[in-house]
Each structure stands twice: as structure tokens, then as C-alpha cells.
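Trainee: Provided herewith is a single structure, encoded as C-alpha cells, for subsequent inquiry.
Only the coordinates and a few stated rules stand behind these numbers; no lab work does. Model, not experiment: these values are computed from the prediction. Virtual Cβ from ideal backbone geometry, glycine too; neighbours counted across all protein chains shown.
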Amino acid sequence: MGLIASLYEPRAWFYEFHRRQQRWSILVEHRRAGKTVAAVNDLLEKATYNPRPNPRYGYIAPLYNQAKQIAWTYLKEYAAPFKPKISESGLFVELGLPSSPRITLYGADNPDAFRGLYFDGAVLDEFGNMRGSIFTEVLLPALIDRRGWTVFMGTPNGPNHFRDLWYDHLEDPEWFLDMNKVTDTNIIPPEELEMMRRLMSEDEFEQEMMCSFEASTRGAFYTREIKNARAENRIGAYPADRRLPLHFVFDLGYRDDNPFWVWQEAPDGHRLVKCESWNTRPIAFYIDRIREVCFELGCPRGNVWLPHDARAKTLQTGRSIVEQFVARGIRPKIVPNLDLMDGIQAARQQFEFCHFDEIPTEPGVRALMSYHREYDEDKKAFRDNPEHDWSSHIADAFRYFALVAKKYTRIEERAAPGAIEHYPFSLNDLWGTRNNQRMRRRI
């Protein structure tokens, strides 16, 4: 480990990671395996050996405060031998070396903070809990001109983009992949591990300690609904019907993700034909997307729904989002301002009438699978509030959809063959009644 070996003693399962030659890496680690310490020291080592002037490195967590809580103390501690310049406000250390390498902490919740910068290397910690496109849209362009490298790491959190990244590159020699289950590291004493098995659900233990991507996300809101949809083949090939109008529902802001769902009301239920999520785009972009989607799918436009706070005026334009839509020829409707948990219940009730066109709605279905409650580590119980991560805005837009979509009711099963009802009148009786009514009208 070179210059920082005196302070950092790598755990045995990270030796190969530090020796890797590949540009791209994926670390899947059980809880308490030490991945954050390993990643911070890997950034420091790469920074000390980089011959280029002014090297720049980034450690990115899902939330800015999370990056500070998880990695800031470690970064300052292990950078100390290099007499660094430390910025508490900017969360960076600049090592006291001739090339002035700098390592900065960021949050994926504010990608503007590192948009347009350059990086020689970066770590995406808990990648499954941030928006997947944060890498391709924001970070990758910042790495290109310096041929920078990236480490994607975390503990599995359900079937999301982190899982896909792992399986997509399992056989790719240009990627370094490493997974360490608790049974591989043996860092947790057997009696403690046995206690964890008793106290945690099977899915929790498989996900958190055995690195299972297939275990259900703990506390997920829509696990049963999505399982039923797959079992009933309601997630598949359900393309838009050109005879039916397209309805749009948005969850719009500015810094956060801004998703929208597109659906049609068909005789057999809701046909969800597209889900998209964008970031830091002006309102005009989403108005244009409405027209573009209608053109792409060859369907007329139906209703456009916006969240209740779309009436508020924005600092950027001095106009509300509603006013900007109206100025462009679209008069939107406003989603009812219903309690969060009531909205989630409404979404559950509408789920059985939903048919998802699998490929265009794949980001949305994946988010609904991952949308879950916050977990109170102290009380060892789930809170009612959802976890605010990459999936929450898409799930919010789906909740809005459930509040404004046409309400269907369950069709009761028809009587089985042979279960024939008998009535105390015949067809001749009916014709006789009809003839008597005609005679009375003549009289």
C-alpha cells in the first residue's frame, strides 16, 4: 500500500481490490465489512501516485449529509500523514504534495455540485440507493478526458440497477468484481452472527449479510402487488393503443429527479406505457416531452396532471409551473393533496388493474420494487415514512397516478356452468305482459 501502509492495514479480502488493474470496479460487501475505509484509502493511494498536476477525486454517497457522516472522519484521519489542507465547509482534503491532489465528498442528491468538473477517480458508495443515471449523465463525462476510474460499491438493496450492473459484468475482464459475504470474511463472531439470524427476517439476513440481490427489499411497500402482477402476466408486452389518448402525471421540482408516468384507460384496466425520470431540466423540456411522446407512440394527448405544489411560483422564472404549461398551450389538472399513506393505499388498490408495458416502464417498475419504509435502527422497527432515495420520486408520481386514474372495480366471478337460476315465470308470461301493456295504451 506504499506511503499510507503505516496507518492503514487492509483487511485480507480487500488486498485484490487494491492491487487491481481494471478501470471499473464493483464491490458487493456485507455490513461492517469495512468497504468505506478501504475505499477512502484507495482514493488516497491513487492520489499520491498520480503524476498529473492537480489530480481530483470524489467520494459520492446517496446524500451529502450521509457522505459527511460516513467518510469525512476516515478521510481526515488517513490523510493526516500528508499534512493536508482541510476544508470543513467544502468537505475536501488537499494533500501536501507537489501535485496538490484533492479528494472531495459529494452527495448524489445534488449532482450540480460535481457537474462539469473533472475527476481522476471516483467512488460511488451505496450505488443502489442513488439514481442509476448519476454515473452516465453526470460522472462519466467528468472522467473521460482524464481517463478516470470508478468504484461502484454497496450492500444489495433489492433488484435495482446495482444488481443489474453486477450481473451485466460478471464475465467482463475489463471490470474488477468482488463479493464478500459474512461467511467469507468471518469477521463477526459466530455467537453474534447466530443472534443476528434470530433477530432479522430471512430476507434481511440474506440481503444485508449474505449479499443476496434476490432477497426482497425490507420494508418494501409494493412487494405483494408486483409479485401478483408478474404472476398474472400484467408486466409484459402492452404497447400503447393508438385509438386511446395518453394521460401524463408528473412529480416536478428542479434539483430532485422529475419523473412522469404515461398511461391509457382501456376496458380491461390501466395500460401504463412509459415511465421516464430526468434531472435539472427546465419546465419547457417536460412540456416538449409530452408532445414528443404523443408523436412517438402515435396517440392523441389526454389529461396532464401536476402535483398540488405546481401552483407555487418558482424563483427561477417568477411564474408557477402551471402558468408555464398554460403559456405553452397545455392546461394541466392538479392532483388532489391527499395524505401520503392514504395515497400509497390508493396505489395498492389500483395495482390489480394495471398492465405495464415492460420495456418502456422498466425504470418505474424497478423503482416500485425498491420503494420502502425507513428503518429505525434504535427501535428496530419500520417507520411509516418512505426512505428518500432514487426510487421515491418515481413512486410519488405513481401514487399521483393512482389518485387521478379512472377507478375500476373488481368483476365478480360468473356462476359456474350448471348453476342456473330458475324463476317463477316463463317467456309466454313476459309476452303476455307486453301485449296487455299495448292494449292499455290504445284504450
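Trainee: Arrange ASP203, ASP112 by Cβ neighbour counts within 10 Å, fewest through most, would you? If you can, show how the numbers build up before the last one.
Mentor: Numbers: ASP203 18, ASP112 11.
Lowest count first: ASP112, ASP203.
Trainee: Further question: To the nearest 20 debye, what is the magnitude of the charge dipole of region 223-404 about its Cα centre, counting +1 on the Cβ of each Lys and Arg and -1 on the Cβ of each Asp and Glu? Each step should come with its number before you reach the end.
Mentor: Values: 26 positive and 28 negative charges, 123 e Å.
Computed charge dipole of region 223-404: roughly 600 debye.
Trainee: What ranking of TYR64, TYR238, TYR15 emerges when the number of other C-beta atoms within 10 Å of each C-beta is taken as an exposure proxy, fewest first?
Mentor: Final ranking by Cβ density, sparse to dense: TYR15, TYR64, TYR238.
Trainee: Amide H of VAL249: which non-local residues (sequence gap of 5 or more, or other chain) have their own amide H closer than 5 Å, using H built in the peptide plane?
Mentor: TRP261, TRP305
Trainee: Can you show me the helix-derived [θ] at 222 nm for the chain, built from DSSP H runs with n ≥ 4 at -39,500 (n - 2.57) apiece and divided by the number of residues, rounded to the nearest 500.
Mentor: Values: 15 runs with 151 residues, N = 443.
It comes out at -10000 deg cm²/dmol, rounded to the nearest 500.
Trainee: Next up: Can you list the HN-Hα couplings for region 68-78, worked out from phi with the Karplus curve (6.51, -1.76, 1.60; θ = phi - 60°), rounded to whole Hz and with x for Gly and Pro?
Mentor: Using θ = phi - 60°, the values come out as 5, 5, 7, 10, 4, 4, 4, 4, 5, 5, 7 Hz.
Trainee: How many percent of DSSP beta bridges within region 2-208 run antiparallel, rounded to 5? Numbers along the way, then the final one.
Mentor: Values: 6 of 32 bridges.
Approximately 20 percent, going by the DSSP bridge assignments.
Trainee: Just to be sure I understand: with springs between alpha-carbon atoms less than 10 Å apart, which residue in VAL273, VAL304, VAL293 has the highest mean-square fluctuation in the Gaussian network model of the chain?
Mentor: VAL293
Trainee: Using modelled amide H (1.01 Å from N, peptide plane; none on Pro or chain starts), what sits under 5 Å from the amide H of TYR106, excluding residues fewer than 5 places away?
Mentor: TYR59, ILE60, ALA61
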